[in-house]
Amino acid sequence: MTRHILKQLSDIRKEIRDLEKAAGYVERKISILKGKEGDNKQSEYLQKRKSLMEKKRTELLRLENEAEEYIQSIEDSCLCRIIRFKYLYDLSWQQVAARMGHKYSAESCRKKVERFMGDRTGQ
């Protein structure tokens, strides 16, 4: 799991929701076209579009699961909590520090993650 994927986790989740909404919209259009004659080509295009969206959604769900599994595999409990708050809950560094408790600052949390990720470049 790379830092790149963790940083994208919030956007990955948003993209999943967007794809689900778009697929619902396409499904409704397909339903409307079923009753009309002569729109088979348009219906085919919509089916292909829906299929592509489902394929992309499946890939994004795989990445999301991979990120969650990676975070859960971190043995350092403190670091695991910081990374979970930052990347799974999409909190700011200030919010992460507040959740961690009085002895943590936003900067110390950020540095701890930065050092950890720096030790794992290429993973």
Give me the percent of accessible area attributable to carbon and sulfur for the chain, probe 1.4 angstrom.
47
Checking 103, 48, 21 against a Gaussian network model of the chain (alpha-carbon springs below 10 Å), the top fluctuating residue turns out to be 103
Taking the Cα centre of the chain as origin, work out the dipole magnitude from +1 charges on Lys and Arg Cβ and -1 charges on Asp and Glu Cβ, in debye rounded to 20.
300
Taking N as the number of residues in the stretch 41-119, what is its alpha-carbon radius of gyration divided by 2.2 N^0.38 Å?
1.60
By how many nm would the segment from residue 90 to residue 114 lengthen if fully extended, with 0.36 nm per residue of separation less the alpha-carbon distance?
7.0 nm
Which loop-located chymotrypsin sites (Phe, Trp or Tyr not before Pro) does the stretch 18-123 contain, where loop means any DSSP state but H, G, I, E or B and the Cβ has at most 14 other Cβ atoms within 10 Å?
89
Ranked by GNM mean-square fluctuation in the chain (Cα springs under 10 Å), the top entry among 42, 72, 95 is 42
Cα-based shape type of the stretch 1-54, given that a ≥ b ≥ c are square roots of the gyration tensor eigenvalues and the cut on a/c is 1.5
prolate
Per residue, how much accessible surface does the stretch 46-92 expose to a 1.4 Å probe? Answer in Å², no decimals.
61
Residues with beta-carbon under 12 Å from that of residue 56, excluding residue 56: net charge, scoring Lys, Arg +1 and Asp, Glu -1?
0
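The values are calculated or read from the model by the stated rules, or taken from the named source; none is laboratory data. On a predicted model such as this, the values are computed, not experimentally measured, just so you know. Every residue, glycine among them, receives a Cβ derived from its backbone with ideal geometry; neighbour counts consider all protein chains shown. Please note that ligands, DNA and RNA were not included when accessible areas were found on the heavy atoms of the full protein model with its side chains. Shrake-Rupley method; radii C 1.70, N 1.55, O 1.52, S 1.80 Å.
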